[in-house]
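Worksheet: the structure to be examined is printed underneath.
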Amino acid sequence: MTVRSVATLILGLLTVQLGCGGEGPKELEDGRLFVRNDTSAPLKVTAYCEGLGEVHIRVEVGERKEVFGQLLPGGAKVTLHVESEGSPEAPYPAAREHPSYQDLEVTVDGNTTVRMYGPLRRAPHIDYEIRGE
């Protein structure tokens, strides 16, 4: 087999592979956005979504709280700034007074929870995961 025939074969297989799949792009579902605080300090959350504006909420340790209090359109982009009220597990006293924080963007696709977790000893960032429900 020549290099040209191998390249033609690969290109043909890629064309077939890309052409299959049937449904096209997935339509994102409307949903609600929640923040769950599995850290050791209360969290202050600032959320922004175009068309809804900016909201501020406080999420206590162990609490799961809805961010906007309403259904959000599928595909909506929400920007979150999450900040702790101190870092209680920091190894030295001066660091305990400094907040940890995380900035992230979430795309709404059904009900979604942003889980903030882990010890806050690694200031300035907070670990997180995004879970669909």
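Taken together, the values in this text are just the output of simple stated rules run on the coordinates, not laboratory data. In this text the structure is predicted, and so the values were computed from the model without any measurement. Glycine gets a Cβ as well: all are built from the backbone with ideal geometry, and neighbour counts include every protein chain shown.
Between ASP30 and TYR117, the distance separating the two model label sites (each 7 Å from Cα on the Cα→Cβ line) works out to 3.1 nm.
For LYS26, a cut-off of 20 angstrom between C-alpha atoms picks up these lysines, skipping any fewer than 8 places away in its own chain: LYS77. Can you give the net charge of the other residues whose Cβ lies under 12 Å from the Cβ of PRO73, counting K and R as +1 and D and E as -1? Cβ neighbours under 12 Å give a net charge of -3. Other residues within the sphere of radius under 12 Å centred on the Cβ of GLY62, judged by their own Cβ, net out at +1 (K and R +1, D and E -1). The simple Förster model, with R0 at 22 Å and r as the Cβ-Cβ distance, assigns GLU129 and ALA94 a FRET efficiency of 0.15. A full extension of the chain between LYS77 and LEU52 corresponds to an added length of 7.9 nm, given 0.36 nm per residue minus the alpha carbon distance.
Net charge dipole, region 29-132: roughly 240 debye, given to the nearest 20, about the Cα centre with Cβ charges of +1 for Lys and Arg and -1 for Asp and Glu.
Need the list of aspartates and glutamates near LYS44 for cross-linking: C-alpha distance under 20 angstrom, and skip anything on the same chain fewer than eight residues off. Candidates past the 8-residue exclusion: GLU54, GLU60, GLU63, GLU66, GLU83, GLU85, GLU89, GLU97, ASP103, GLU105, ASP127, GLU129.
Counting Lys +1, Arg +1, Asp -1, Glu -1, what net charge surrounds GLU29 among other residues with beta carbon under 14 Å of its beta carbon? For residues surrounding GLU29, the net value is -2.
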